[in-house]
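The values are calculated or read from the model by the stated rules, or taken from the named source; none is laboratory data. Just so it is clear, the structure is predicted and the values come from calculations on it, not from any experiment. Here Cβ is always computed from backbone atoms with ideal geometry, including for glycine, and neighbour counts include all displayed protein chains. The accessibility values were calculated without ligands, DNA or RNA, using every heavy atom of the protein model including side chains. Shrake-Rupley method; radii C 1.70, N 1.55, O 1.52, S 1.80 Å.
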Amino acid sequence: TKPLGLEGDPLQVLADRLAATVYRRVLQPDGRITYTYVLPSRTLAERGMVLTREFHTTLENTHPDDRDEFVGAIHASARNMTPFDHVRRVKNTQGEYRWIHSTSMPRKEENGDIVWEGIALDITAQKQTELSLGKTQQLVADMAANFPWQFAGNFQKFPGKWHTMPVDSHLLISLSAP
């Protein structure tokens, strides 16, 4: 029996709804890395994310500043048999970078392969929000550090009449500067 309200392959439905892909990555004893399974996501495809089983293509699409850390995280996970949990930027078909969060748990096969079954999620909106929040926090910190506090005290001298308060022109410039 099919669960109520769930049409199609449950993994495919999940991948599409979460803007994610399910994958199986294999690190062979000779050091080669391949993807033996990649579940395509319609949502990721709409965002220009082309998923491949070829590791060299995955690496080429990874932002140059993130490549060494990505490969290092794979090898550290394999060496220590610890969870793989990594965020990196990946180029889409329009040449734009999207933020991808991959997570999985390694296991060792009898032939020496290290295998991860995992999920890779598009977290671009979350990262853009985090980056925007960081910029806003920095702006507020800069404003607080550079705010002419003697000017703020003048508000108390002119309650309800702040528009008549005498202000130097250089102060107005510093308050309106980005």
- At R0 = 41 Å the Cβ-Cβ FRET efficiency linking residue 143 and residue 9, nearest 0.05, sits at 0.20
- Message: Out of the total accessible area of the stretch 1-106 (probe 1.4 Å, heavy atoms of protein only), what percent is carbon and sulfur?
- Response: 53 percent
- Note on the structure: Mean separation of Cα contacts under 8 Å (at least 6 apart) over the residue count of the stretch 102-141, i.e. the relative contact order in percent, is 30 percent
- Alpha carbon centre of the stretch 62-122 versus the stretch 35-57: separation in Å? 13 Å
- Other-chain or far-sequence residues with amide H under 5 Å of residue 50's (modelled H): 93
- Query: Per residue, how many Å² of accessible area does the stretch 9-124 show with a 1.4 Å probe?
  - Reply: 54 Å²
- Using all Cα-Cα distances in the stretch 1-147, what percent lands in each 10 angstrom bin from 0 up to the longest? 11, 35, 29, 16, 7, 2, 0
- Tally Lys/Arg at +1 and Asp/Glu at -1 over every other residue whose Cβ is under 11 Å from the Cβ of residue 123; what's the total? +2
- Convert each backbone phi in the stretch 120-129 into a coupling constant with the Karplus relation 6.51 cos²θ - 1.76 cosθ + 1.60 (shift: θ = phi - 60°), then list the ³J(HN,Hα) values in order as whole Hz, x for Gly and Pro. 10, 10, 7, 10, 4, 4, 4, 5, 5, 5
- Task: Could you tell me the largest-minus-smallest coordinate of the C-alpha atoms of the stretch 65-136 on each of the three principal axes, in descending order and whole angstroms?
- Result: 50, 27, 20
